[in-house]
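Take a look at the structure below.
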Amino acid sequence: MQKHADRRMLLIEDSRMFSTVLKHGLETLHGLSVTHCSTFAAARMAIDDNPGEFAVAVLDLNLPDGPNCEALDYVTSHGIAAIVFTGSFNDETQSEVLKRGVVDCVIKSQPDSISQVISVVDRVLTNTSTHVLLVDSKKESRSELLTMLRQQQFQVSQAVDGAGALATLDSFEGIDVVVTDLVLSDMTAHTLLAEIRQRHGEDGVSVVALAGGDDRQQAARFLQNGGTEFIPKPFLVDEFNSRIYHVANIRRRIQMLHNIAARDYLTDIYNRRHFFQHGPRLVEQCLRRGQSTSIAILDIDHFKRLNDTYGHEVGDLVLKAVAGRLRSLVGEAHLLARLGGEEFGILFNNLAVSDANSFCEMLREDLAQAKVTADDEELTVTVSIGLATVETQESFDNYLNAADQFLYMAKYNGRNRIVSELTLLQSMSA
């Protein structure tokens, strides 16, 4: 799979040779959809006709109808990351262009200029999909780092101390990289790293520390304790950008591998392994924040009979149909996985038990009303559900065992129903 498939970029270049080679390289290597414009007027029309579509633009500074950086100004004014690719350049021009917030400048006369542009485009698109948490108690240095990270197109959140960083990580799971000063107002980067690893696992998020001085033992200790990178101050801007991009790129590759390993081969939802790895941390986060959570186990009713009657191919078709419907209903808010055979698990994230109960009832009714077509025959599929509330810190197996007990009761009492502590209390009071 190509790394940036389906992303769109704009190439503003009046040289046929450069534009042909660049367009071919970018589309072939990265799977990008490249729109080429040879004039400023054409580029302006492309941007106006496709608002918000272009993630990045590669452009020449001097165009026949825009010799004074008009294209650059128009691109940046529309929030598009700009990479300058030009033949006429000097230190004064470079300084002026960099002030306009461009990502990088590549000189056409350099022997490897084409490969450089392709590499910078890869860097920009990797960065735009990477969320960095910047942690620095010193306002001035935090502001400087924030400017550098945003200029390189990273999504950036900020925290002024370790406690704030941990709170952000707990409340938002989209953080990819933490960049922290070695000494914070309430803890060191070593303490923050230990907390992050304890709460989010060894590879849950990449952690980079920044520090001044010549104490190389600090760097060794940080890396030995599970840190991803250590950048000594003072650093060159290009060095900082390259190191952070390198971390982000490795992070993306790890996430891709994790995603492949976490998916069930048949249904393409999460598998049992991912559920057992990620579930305990999600429960811990909910309990630490004082939020409600619960676990549901769903089982397709009479699935063995269905397999025996129609064959395993139809059984697989039913499994994929049920998984697809569950995925569309559950979405990304909660953790859904196939636990094995015809059994699925849902770990609810910050959902009150009464709401989780209602949600499960909605799932049951929706699946019962849907039809699965197999061999020109419409099959009705129902599910039984056991729902267990998570109230205190216990082993993850205990939560699953409780849900499994409720599932057994649902099957014993006739199937196509949900059983939970709430439904039992309601039946007793009826």
- Could you name the lysines in cross-link range of Lys3, using Cα to Cα under 26 Å and dropping any fewer than eight places away on the same chain? Lys23, Lys108
- Message: Using only the alpha-carbon atoms, what does the range 239-343 span along each of its principal axes? Please give whole angstrom values in decreasing order.
- Response: 65, 35, 21
- For the chain, size of Cβ-based charge dipole, Lys and Arg +1, Asp and Glu -1, in debye: 500 debye
- Task: Any chance you could get the radius of gyration and Dmax over the Cα atoms of the range 129-259, in Å?
- Result: 13.4, 39
- Query: If you take the square roots of the eigenvalues of the alpha-carbon gyration tensor of the range 1-58 and sort them as a ≥ b ≥ c, do you get rounded (a/c under 1.5), prolate (a/b over b/c) or oblate?
  - Reply: oblate
- With a Förster radius of 25 Å, plug the Cβ-Cβ distance of Ser77 and Glu239 into 1/(1 + (r/R0)^6) and report the FRET value to the nearest 0.05. 0.25
- Query: At q = 0.14, 0.21 Å⁻¹, what base-10 log of I(q)/I(0) does the Debye formula yield for the range 8-126 when every alpha carbon is treated as an equal point scatterer in vacuo?
  - Reply: -0.50, -1.24
- Task: Give me the angle, in degrees from 0 to 90, between the Cα long axis of helix 272-288 and the longest principal axis of the Cα atoms of the chain, rounded to the nearest 10.
- Result: 80 degrees
- Task: Could you calculate, for the range 215-258, the ratio of the Cα radius of gyration to the Kirkwood radius, expressed as Rg to Rh?
- Result: 1.05
- What distance in nm separates the simple spin-label points at Ser119 and Ile250, each placed 7 Å from Cα in the Cβ direction? 1.8 nm
- Query: Highest mean first, what order results for 260-273, 11-24, 294-307 on Cβ atoms within 10 Å?
  - Reply: 294-307, 11-24, 260-273
- Message: If I model a spin label as a point 7 Å beyond the Cα along the Cα-Cβ vector, how far apart are those points for Glu27 and Val183 in nm?
- Response: 5.6 nm
- Note on the structure: Here the gain from full extension of Lys3 to Asp49, 0.36 nm per residue of separation minus their alpha-carbon distance, amounts to 14.0 nm
- Going toward the positive end of the dipole of the chain, with +1 on Lys and Arg Cβ and -1 on Asp and Glu Cβ, which of Met148, Leu287, His246 do you reach last? Leu287
- Charge dipole of the chain about the Cα centre (unit charges at C-beta), most positive-ward option of Leu223, Gly324, Gly345: Leu223
- Item | About the Cα centre, charge dipole magnitude for the range 168-323 (Lys/Arg +1, Asp/Glu -1 at Cβ), debye | 160 debye
- Positive-pole candidate from Val120, Leu72, Ser38, dipole of the range 8-126, charges at beta carbon: Val120
- aspartates and glutamates near Lys99 by alpha-carbon distance under 12 Å, same-chain residues fewer than 8 away left out - which ones? Asp73
- Note on the structure: In whole µm²/s, the translational diffusion coefficient that Stokes-Einstein assigns to the chain, given a Kirkwood hydrodynamic radius over C-alpha pairs, 4 °C and 1.567 mPa s, equals 52 µm²/s
- Message: Give me the mean projected area, in nm² to one decimal, of the convex hull enclosing the Cα positions of the range 270-429.
- Response: 9.3 nm²
- Once both labels are modelled 7 Å past Cα along the beta-carbon direction, what's the Ala352-Asn68 spacing in nm? 6.3 nm
- Query: How about Lys233: which lysines have a C-alpha closer than 22 Å to its C-alpha, ignoring those fewer than 8 places off in the same chain?
  - Reply: Lys138, Lys139
- Lys, Arg +1 and Asp, Glu -1 on Cβ, resulting dipole of the range 228-315 about Cα centre, debye, nearest 20: 380 debye
- Query: What percentages, rounded to whole numbers, describe P(r) for the range 230-290 computed over all alpha carbon pairs with 5 Å bin width beginning at zero?
  - Reply: 4, 15, 14, 13, 13, 13, 12, 10, 6, 1, 0
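Since every read-out is calculated from the coordinates, none of them should be taken as a lab result. Since the model is a prediction, treat every value here as computed from it, not as a measurement. Cβ coordinates were reconstructed from backbone atoms using ideal geometry, including for glycine residues, and neighbour counts include every protein chain displayed.
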